[in-house]
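The values are calculated or read from the model by the stated rules, or taken from the named source; none is laboratory data. Here the structure is a predicted model, which means the values were calculated and not measured. No Cβ is skipped: glycine too gets one built from the backbone with ideal geometry, and neighbour counts run over all protein chains shown. These accessible areas exclude ligands, DNA and RNA; they are computed on the full protein's heavy atoms, side chains included. Shrake-Rupley method; radii C 1.70, N 1.55, O 1.52, S 1.80 Å.
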Amino acid sequence: MPKPRPEYDINEFLTACYEACEIDLSRVALEIWVLDKASDHFNLKTKRALLEFIANGGLEQLEFINSADYRLSKDIPPSKCDSYKFISGFIEGYLSFYYRKASKRWIIKSFHRLDDSYETTISLAIRKAGLSMEYDKRTETNGK
């Protein structure tokens, strides 16, 4: 089975974020819930701060996840959203965006921690090192 491919060129999206910061913030839009998550999860409190973070290399180890129809789209056919995971420090993040042809703008659909369980920095570092912090119930001896 062929590996899934992005709908969009990620470099075009990154360039649009950079140009939005430098020229006109309206070149990239955010779904209404994006800024709340970006603020809570990454301390990025404004649209400009979020776009600067993206444009200036804040998305480390960017890895494509998938491309899928945007379920909430009113467009027919619906826009395709590309989803990526990334690292920022010790935080795993999730980014999803699409290009809306009608308005000729990029839209950020999601920007948040990959796992809403809020892993601690140390647990993520240990997991990334290949060590498991998972409790193995198979070895439980009921107090014996």
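Just the residues that are open to solvent by 50 Å² or more (accessible area, probe 1.4 Å) and at pLDDT below 90, please, taken from segment 56-77.
Those that are open to solvent by 50 Å² or more (accessible area, probe 1.4 Å) and at pLDDT below 90: ASP69, ARG71, LEU72, LYS74, ILE76, PRO77.
Among (1) open to solvent by less than 50 Å² (accessible area, probe 1.4 Å); (2) acidic (Asp, Glu); (3) in a helix (DSSP H, G or I), which single condition is GLU52 missing?
Failed condition: (1).
Of everything in segment 70-80, what is more than 23 Å from ASN11 (Cβ to Cβ) and not hydroxyl-bearing (Ser, Thr, Tyr)? Give them in sequence order.
ARG71, LEU72, LYS74, ASP75, ILE76, PRO77, PRO78 - these are the residues of segment 70-80 that are more than 23 Å from ASN11 (Cβ to Cβ) and not hydroxyl-bearing (Ser, Thr, Tyr).
State all residues of segment 81-100 that are within 17 Å of LEU14 (Cα to Cα) and open to solvent by 50 Å² or more (accessible area, probe 1.4 Å); if no residue qualifies, say none.
LYS85, TYR99, ARG100 - these are the residues of segment 81-100 that are within 17 Å of LEU14 (Cα to Cα) and open to solvent by 50 Å² or more (accessible area, probe 1.4 Å).
Could you say whether any residue in segment 44-65 is among the aromatic types (Phe, Trp, Tyr) and in contact with a strand residue (DSSP E or B) (Cβ under 6 Å, 6 or more places away or on another chain)?
yes
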